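Note sheet for the following structure.
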Amino acid sequence: MSIFQGHLLTVAAMMACLTFSLSTPTGKSTIPAPQNISLTSINFKHILTWNPLPVEWGNVTYTVRIQGEYERYHKKHDWIEAENCHYISVPFCNLSKDIPTNVLYEIQVRAELENRTSDWAPLGYLFRKNSTLLIPPNITLLDVGHKLIIEIENLGSSFEYYAFYWKRSNKELDVKTMKLNKHTTSVVLTDTDPNNEYCAYVVAYAVGRNSSSSNTACIFVEAHKLSKFIIGIISLFVAIAGLVVVSILVWKIFQLVRFSYFPKVDIPEALMMTENYNSKKIYRDRTHNSQHSDERYLQWTRNDYERGKL
């Protein structure tokens, strides 16, 4: 073996020892940095992930930091540790609250083991909030009476929604559009016809972009049905009205029968004069008799009183 070959073997052995010491927990140097860092951003929910260190390293923790344009240009390259991502044991971090503005952010993560730390591993590119992927919400159709209600999954305060609905038998000529107010995730459609099937889908809108269309949902809108309580109230009023009508009819029939068998006949004038004369005579006789009775009663009382004095 030549001297040159001997030097090559020595260098190779040294490199193998160095690699072994860096990839195992027995090494005295810093621990390995996390690998395969990636950021998934959907509907402004930003999730950073990475490959964890092998379990042989023990209880490894991780810390994530970010740097926006303000920190980069006005704070002398200061870094801000991500909220709830300081010494965590899981290989992911939710950065949705840590990236509030639409500027370029640099993101890094490192591993820690006891008093040792790895180098900061970068994401590899600058991330902007508005580059998030917009996906449509899930929707549900409800039939309440003869009204159609569209319930929309809430994607967050940054979104507005456009609802498209139509009668299934006439989609090409009857597609209607409704823009929902911000923060509104439910809409009632009152211009639907009962006994027809309707379909709808929704598109989300944010940061000047539209999502794709949501799933298309269909439902049959039935004719309006009264509740049992309303039906009971109406039945009660109908029964009362029927009873009143029947009572009036019975009274009318009774009056008709009575007048048929006992008609009302005017009394002749001669009989009325005789009746008045007899009535007056009877009244005078009764008055005269009453006066005599009162006088006799007073006389008896006076006689009794005088006898008592004697």
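The values are calculated or read from the model by the stated rules, or taken from the named source; none is laboratory data. Treat the numbers as computed from the prediction; the structure is a model and nothing was measured. Here the Cβ positions follow ideal geometry from the backbone for every residue, glycine too, while neighbour counts run over all protein chains shown. We work out accessible area using only protein heavy atoms, side chains counted, and drop any ligands, DNA or RNA first. Shrake-Rupley method; radii C 1.70, N 1.55, O 1.52, S 1.80 Å.
Brief remarks follow.
- Accessible area (Å², 1.4 Å probe, nearest 10) - VAL257: 70
- Sites THR61 and LEU126 - FRET efficiency at Förster radius 25 Å, r taken between beta-carbons, to 0.05: 0.45
- Sites GLU151 and ILE80 - FRET efficiency at Förster radius 45 Å, r taken between beta-carbons, to 0.05: 0.75
- The range 88-198: C-alpha gyration tensor shape, a/c 1.5 cut-off, then a/b vs b/c: prolate
- Estimated FRET transfer efficiency (GLU69, ASN170; beta-carbon r; R0 41 Å; 0.05): 0.20
- Taking packing as the residue-averaged number of other Cβ atoms within 10 angstrom, the listed peptides 201-207, 163-169 run from highest to lowest as 201-207, 163-169.
- Sequence ranges 89-95, 51-57, ranked by mean other-Cβ count within 10 angstrom, highest first: 89-95, 51-57
- In this simple spin-label approximation, ILE47 and ASN181 carry label points 7 Å from Cα along the Cα→Cβ vector, and these lie 3.4 nm apart.
- Residue order for ASP174, ASP191 - accessible surface, 1.4 angstrom probe, largest first: ASP191, ASP174
- In this structure, the pairs whose alpha-carbon distance is over 25 Å, taken from LYS97/LYS179; LYS97/LYS176; LYS45/LYS75; LYS75/LYS129, are LYS97/LYS179; LYS97/LYS176; LYS45/LYS75.
- Carbon-plus-sulfur accessible fraction, the range 100-171 (probe radius 1.4 Å, protein heavy atoms only): 48%.
- Counting only heavy atoms of the protein chains and using a 1.4 Å probe, SER235 has close to 70 Å² of accessible surface.
- Full extension of the chain segment joining VAL238 with THR190 gains 14.3 nm, where the gain is 0.36 nm per residue of separation less the Cα-Cα distance.
- Sum of side-chain charges, LEU134 neighbourhood, beta-carbon under 15 Å (Lys, Arg +1; Asp, Glu -1): +2
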